[in-house]
Amino acid sequence: MPETNIAMRIGIDLGGTKIELVALDESGVLRLRRRRPTPQGDYEATVKAVEELIGAAERELGQRGSVGIGIPGAESAVDGRIKNANSTCLIGKPLRHDLEERLQRQIRLANDANCFALSEAIDGAGCGAEVVFGVILGTGVGGGIVVAQRALTGTNRIAGEWGHNPLPSLDEEDEAPPPCYCGRVGCVETWLSGPGLCRDHQRHGGESITAEEIATRAAAGDSVCEATLRRYERRLAKALGQVVNILDPDVIVLGGGLSNIERLYVAVPGLWSAAIFSDRISTRLLHNMHGDSSGVRGAAWLWSEQ
């Protein structure tokens, strides 16, 4: 295949509802951004859409670039086919092979949470840190690990899959661990995702409202919403404390919709010491710098790795 030119890095965020593209120059400056809806449930149409986005971008910029792609899943270490994807049409498909054939170049694939963490480690909130743990708190809960500006995938391709560990040390107020789509019960994702927060609010007498509305009402003095956020903060502190005990990162960066709840950055570090096996905790909990763009930027930065 032709050599890859990393003077221009193209990143693709292959999401369940949209496919987003960015093109970055060598220093990370944005040159182009495009997006289009993801063909629902159609693998062949999805591959074609990615090919068309990249082709159009390269024609517009007059330059061929490297291609990194963030996906909501991972490649199997057995046969390279996609696994663990909530975009189910990708599961079992040879995505890397098919895209390399169409694009006539090598590409790099990574889990979308790894791409988020990589973006924030290279030129975001975790810039300059040796070990960064990136957390996505949204419809689901994901995690990615970056060491020395290199995303770790692990021998099973599941490094950072924090959301599918059980929430540790349930409190007396916690009800029976809820079922997770992965087939287990009590996964961190079932408690700390946006839908998990909303379900917990309703279980404790709250209305059916969004996570954003819960935070807004708590700030305005609503006692039921305040109690919901306090439960959430305790659970997040315990779950992140477990990560600190195992990984001991310099920085934990939060992304996803729930990362915009500003009180988390004070409340959670104030609570996690009870779960962390250390007399001093230097890990910083930070809001992301690149927002919704972090995942697609991180996909482009996959080609910064040596």
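The values are calculated or read from the model by the stated rules, or taken from the named source; none is laboratory data. None of these values were measured; they are calculated from a predicted model. Cβ atoms come from the backbone with ideal geometry, glycine included; neighbour counts cover every protein chain shown.
Here are the numbers for the structure shown:
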{"item": "Near pairs, Cβ below 8 angstrom, 6+ apart or cross-chain, from segment 32-52 (polar (S, T, N, Q)) to any residue that is surrounded by fewer than 16 Cβ atoms within 10 Å (Cβ to Cβ) and part of a loop (DSSP other than H, G, I, E, B)", "result": "THR38/GLY16; THR38/THR17; THR46/PRO39"}
{"item": "Residue within segment 45-55 that is at positive phi and modelled with pLDDT of 90 or more present", "result": "no"}
{"item": "Filtered residue count, segment 289-302, keeping only those that are under 11 Å from the mean Cα position of the chain (by Cα) and either aliphatic (A, V, I, L, M) or part of a loop (DSSP other than H, G, I, E, B) (or both)", "result": "1"}
{"item": "Filtered residues of segment 276-303 (kept if buried (at least 19 other Cβ atoms within 10 Å of the Cβ), more than 19 Å from ILE136 (Cβ to Cβ) and touching a helix residue (DSSP H, G or I) at 6+ places or on another chain (Cβ under 7 Å))", "result": "ILE276"}
{"item": "Near pairs, Cβ below 8 angstrom, 6+ apart or cross-chain, from segment 231-249 (touching a residue at least 60 places away in the same chain (Cβ under 8 Å)) to any residue that is polar (S, T, N, Q) and buried (at least 20 other Cβ atoms within 10 Å of the Cβ)", "result": "ASP248/THR283; PRO249/THR283"}
{"item": "Matching residues, segment 274-306, being among the aromatic types (Phe, Trp, Tyr) and within 16 Å of VAL67 (Cα to Cα)", "result": "TRP301, TRP303"}
{"item": "Test result for GLY298, within 16 Å of ASP112 (Cα to Cα), touching a Gly at 6+ places or on another chain (Cβ under 9 Å) and free of Cβ contacts under 8 Å to residues at least 40 places away in the same chain", "result": "no"}
{"item": "Boolean, GLU100 is touching a residue at least 12 places away in the same chain (Cβ under 8 Å), surrounded by fewer than 22 Cβ atoms within 10 Å (Cβ to Cβ) and touching a Leu at 6+ places or on another chain (Cβ under 8 Å)", "result": "no"}
{"item": "Test: residue in segment 70-93 that is basic (Lys, Arg), in contact with a Leu (Cβ under 9 Å, 6 or more places away or on another chain) and outside any strand (DSSP E or B)", "result": "yes"}
{"item": "One residue from ALA151, ALA113, ALA117 being of a type in the set (A, V, I, L, M, F, W, C), closer than 19 Å to GLY11 by Cα and not in a helix (DSSP H, G or I)", "result": "ALA151"}
{"item": "Only one of ARG36, ARG64 that is in the same structural domain as ARG105 (by TED's automatic domain parsing), closer than 22 Å to PHE116 by Cβ, among the basic types (Lys, Arg) and not in a helix (DSSP H, G or I)", "result": "ARG36"}
{"item": "Residue in segment 69-81 that is of a type in the set (Val, Ile, Thr), under 19 Å from the mean Cα position of the chain (by Cα) and modelled with pLDDT of 95 or more present", "result": "yes"}
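Matching residues to (1) farther than 26 Å from SER27 by Cα; (2) assigned by TED's automatic domain parsing to the domain that holds LEU236:
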| residue | (1), (2) |
| --- | --- |
| LEU103 | no, no |
| VAL132 | no, yes |
| GLN149 | no, yes |
| ASN156 | yes, yes |
| ALA159 | yes, yes |
